[in-house]
């Protein structure tokens with residue numbers, strides 16, 4: 001270890017060394033712990049060696065103290081052993097000893113001191129070019145008036161995933177008289193324990209952070225530290241303002257100032273494209289939560305899209321028609337004025353051809369009113385003969401845009417008048433229709449990118465934790481806000497599960513080869529690409545929705 005490094009550590013430890021003799025400890029707690037003269041002798045010898053700069057001998061003497069059963073010098077010896085190892089340049093061993101102290105004795109009066117020594121050890125470990133077992137997650141989201149509620153919802157979801165990883169959990173505090181002692185547990189927030197940076201670049205906090213204790217419906221809520229994880233996750237936030245340049249600046253700041261390992265955001269395609277270019281240049285993986293434009297990740301190695309692109313949605317449905325339904329012929333009806341509808345239809349027909357499916361005909365409706373006039377529209381198209389219509393086993397109807405639900409209801413009525421028993425295929429707009437009976441009559445099957453089953457225990461737990469964090473449940477948010485709360489949690493959990501077993505930050509290859517993540521509301525599987533290939537396949541049958549795949 002260099003003399004400069006040794007000097008820096010000595011300066012950092014002056015106050016910490018003194019703290020061993022001045023740490024708070026109640027007389028009652030001290031009296032309940034037995035004395036051990038042999039252990040106290042080892043401790044005194046360790047202190048003498050430490051003061052003389054004989055750190056190897058000091059570390060050994062402090063270690064011997066913990067060969068004895070719990071005694072009055074146990075926790076102090078662990079702190080001093082960590083400091084001696086730090087002086088020897090054995091930073092990882094120092095981290096391990098101090099982590100053991102905090103795991104075994106979470107109520108120790110030396111907690112803050114141990115945390116400070118840990119910070120010094122981790123800093124020195126990083127300066128050596130070694131990696132502390134921490135995943136730094138950068139979050140780049142908009143904070144405009146229109147987007148602030150969406151940003152807060154996604155941020156809350158990410159935060160719950162991070163806190164879960166870090167062993168933090170919230171719970172109601174029982175009413176007075178039913179709890180013996182508030183001191184029976186430790187209270188901590190993510191930012192205070194793990195050093196999160198939740199401020200934007202100019203230093204002004206814009207995202208609401210959670211205090212240790214809040215009240216929900218007049219009941220006290222506490223945040224508890226339940227064990228210390230093998231890997232810690234930290235959040236670093238930057239605001240994305242108006243314009244693509246702000247997105248690039250947010251990424252540059254996260255990379256240069258916070259040394260993040262991965263970035264979540266921005267939300268939509270234009271800013272995600274700009275942010276992605278900056279992340280690609282920095283060789284830091286970025287996952288765009290909602291962007292659907294192919295240009296966001298096209299030609300990039302480090303930029304990923306958690307939301308399937310619009311053409312991909314059509315392709316996924318065509319593959320399912322071929323492999324899942326074993327259908328042989330599919331005709332397509334779409335609306336000319338809706339670009340999403342048209343792009344899904346084009347991609348579906350292209351993939352159908354690849355899959356060897358027959359496409360007897362495609363019908364382009366000139367305006368949304370024609371969905372209620374399907375028999376007339378089919379009759380008016382001279383290219384659609386009776387035999388072509390009869391040979392169609394399945395119809396794909398990618399309906400999107402304003403009043404999509406109303407157009408779907410019109411389409412179902414139109415198919416009733418067409419007097420066909422063909423199966424209907426749809427897109428995510430077909431999810432949770434009120435006209436379940438009509439949709440069931442055609443065994444309507446559709447692909448959706450978001451689906452929450454509230455009966456699942458893990459979903460119920462998320463709802464409970466979200467309420468303890470914010471005072472509200474996700475269901476009280478707007479439709480988009482609710483989606484972002486779940487999506488933020490799922491993307492963060494995907495990252496943590498993908499990289500939890502290894503110290504280095506996630507590589508693009510790891511993300512592309514990660515197994516399918518089955519989230520609370522989102523399914524993620526990049527299948528060797530940079531765009532999420534996984535969607536939920538569901539169908540209406542017997543007047544209810546069934547999960548097919």
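Computed from the coordinates by the stated procedures, all read-outs in this text should not be read as laboratory data. Remember, it's a predicted structure, so these values are computed and weren't measured experimentally. Counting neighbours? That spans all protein chains shown, and the Cβs are built from the backbone with ideal geometry, glycine included.
Evaluate the Debye formula for region 320-420 with equal point scatterers sitting on the alpha carbons, no solvent, and hand back log10 of I(q)/I(0) at q = 0.23 Å⁻¹, in q order, two decimals.
-1.34
In whole Å, how far is the Cα centre of region 317-383 from that of region 42-113?
71 Å
Rounded, prolate or oblate: which fits region 445-544, taking a ≥ b ≥ c as square roots of the Cα gyration tensor eigenvalues, rounded meaning a/c under 1.5, else prolate when a/b beats b/c?
oblate
Rank the residues 316, 545, 287 as a footprinting-exposure proxy: fewest other Cβ atoms within 10 Å of their Cβ go first. It would help to have the intermediate numbers written out before the result.
Details: 316 22, 545 19, 287 29.
Ascending Cβ contact count within 10 Å gives the list 545, 316, 287.
If you rank 236, 431 by fewest surrounding Cβ atoms within 10 Å, what's the result?
Result, fewest neighbours first: 431, 236.
Under 20 Å from a point placed 7 Å out from the Cα of residue 476 along the Cα-to-Cβ direction: which residues of region 429-465 have their backbone N that close?
454-455, 459-465
Given 0.36 nm per residue, what is the gain on full extension from residue 33 to residue 350 after removing their alpha carbon distance, in nm?
On the way: separation 317, 0.36 × 317 = 114.12 nm, distance 7.54 nm.
Result: 106.6 nm gained on full extension.
Is the shape of region 241-312 best called rounded, prolate or oblate, per the rule: a/c under 1.5 gives rounded, else a/b larger than b/c gives prolate, else oblate, with a ≥ b ≥ c the square roots of the Cα gyration tensor eigenvalues?
It is prolate, given that a/c is not under 1.5 and a/b is the larger ratio.
Zone of residue 548 (label point 7 Å along Cα→Cβ, backbone N under 15 Å): which residues in region 379-393?
393
Hey, how many Å between the Cα centroid of region 461-522 and the Cα centroid of region 244-264?
Each part's Cα centre sits 20 Å from the other's.
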